[in-house]
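Everything below concerns the one structure shown next.
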Amino acid sequence: MAILTITYRGTSAVYPLEISEDIGDADIKRIAVEVIRSGEVPGLQIGDLGNSAFMHFVVDRFDTPEGGKRLYLRPKVPFGAL
Amino acid sequence: MRIVFAGAGAVGSTALWFCRNLDGDIVVIDFDRVESRNLLAQVFTRQAIGKNKAEASKLQLKNYYGKNIEAFGVRLVKENIDRLCESANLLVDAFDNADSRRLLSQFARSKQIPLVHAAMSADATFAIVRWDERFEADVEDTPGQATCEGGDHLPFIGVLGATLARIIQDFVTGGLKRDAMIDLRTVRGC
């Protein structure tokens, strides 16, 4: 079991996910689009979310102390100072 | 404790502002100069226009609060990073590009100096503060991508700068290394 946190347009929502260890970023993005469209992610329901909504997003993966996975699908953060 | 800030732009200058009460020696490094447009999203005042950002930070903190910090108005590169950062007990990354972030990460890892990164998305709807052990620098989708320098993003920059300052404070006072994610609704631990 993994916990997927999706951040889109300034809102974050959490979705529990049954996944295999070797799931790729593209699959995570595809799953995220599907579950958001279908309203399965509390607080983040967008029925007409485009297939490429997460094209430029990144996936962070962390192990939890309990032996699970935390996944973060989020926008890139290239900026800090100008 | 010697705390070295790499970058005194939107996030760096704001975090510095909130770190002025810390019990430590603060150093700031930035090669850039304050432009009038920077006043929209950075803590600099009109009197700072034209000055180096590191020097302007030093002047403002001294003049307004009596806080003494060190300033280096140079670009941080591999040729000078040893000299500028080797004595640091904490490094703070508020850079705006992946190459500089990676340079700082490589240095921090080789010297085993704690390093915390702050970074935000181009549209200022999302940001992270993350310790180097769990950080990987993102690159722009396209070189020269528009950045979050407009005044519209000032409140979000303020939240990120304050969050970074609090995480620095927790490390300085108690050795804690907390990460944070910030979106338009929340600041949450991660």
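The values are calculated or read from the model by the stated rules, or taken from the named source; none is laboratory data. Just so it is clear, the model here is predicted, and its values are computed rather than measured. Don't worry about glycine lacking a Cβ; one is built from the backbone with ideal geometry, like all the others, and counts go over all protein chains shown. Protein only, heavy atoms only, side chains kept; ligands, DNA and RNA dropped before computing areas. Shrake-Rupley method; radii C 1.70, N 1.55, O 1.52, S 1.80 Å.
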(Q) For the range A:73-82: of the residues being at pLDDT 85 or above and open to solvent by less than 10 Å² (accessible area, probe 1.4 Å), which is nearest to the other protein chains (Cβ to nearest Cβ)? (A) A:VAL77
Q: Could you look through the range A:1-39, keep only residues that are hydroxyl-bearing (Ser, Thr, Tyr), open to solvent by 10 Å² or more (accessible area, probe 1.4 Å) and part of a strand (DSSP E or B), and pick out the one that is farthest from A:VAL59 (Cα to Cα)?
A: A:THR11
**Q.** Output for the range A:47-65, where each listed residue is farther than 22 Å from B:ALA122 by Cα, assigned to a loop (DSSP other than H, G, I, E, B) and touching a helix residue (DSSP H, G or I) at 6+ places or on another chain (Cβ under 9 Å)
**A.** A:GLY47, A:ASP48
Q) Within the range B:58-65, is even one residue open to solvent by less than 20 Å² (accessible area, probe 1.4 Å), at pLDDT 95 or above and under 15 Å from the mean Cα position of the chain (by Cα)? A) no
Q) In the range B:71-86, how many residues are in a loop (DSSP other than H, G, I, E, B) and open to solvent by less than 60 Å² (accessible area, probe 1.4 Å)? A) 5
Q.
Return the residues of the range B:36-53 that are more than 15 Å from B:GLY161 (Cβ to Cβ), in contact with a Lys or Arg (Cβ under 8 Å, 6 or more places away or on another chain) and not in a helix (DSSP H, G or I); say none if nothing qualifies.
A. B:GLY50, B:LYS51, B:ASN52
Q) Of the residues that sit in the range B:1-47 and are polar (S, T, N, Q) and within 22 Å of B:ASP123 (Cα to Cα), which one is farthest from the other protein chains (Cβ to nearest Cβ)? A) B:SER36
Q.
Given the criterion touching a His at 6+ places or on another chain (Cβ under 8 Å), open to solvent by 10 Å² or more (accessible area, probe 1.4 Å) and farther than 19 Å from A:PHE62 by Cβ, identify the matching residue among B:ASP141, B:ASP170, B:ASP152, B:ASP96.
A. B:ASP141
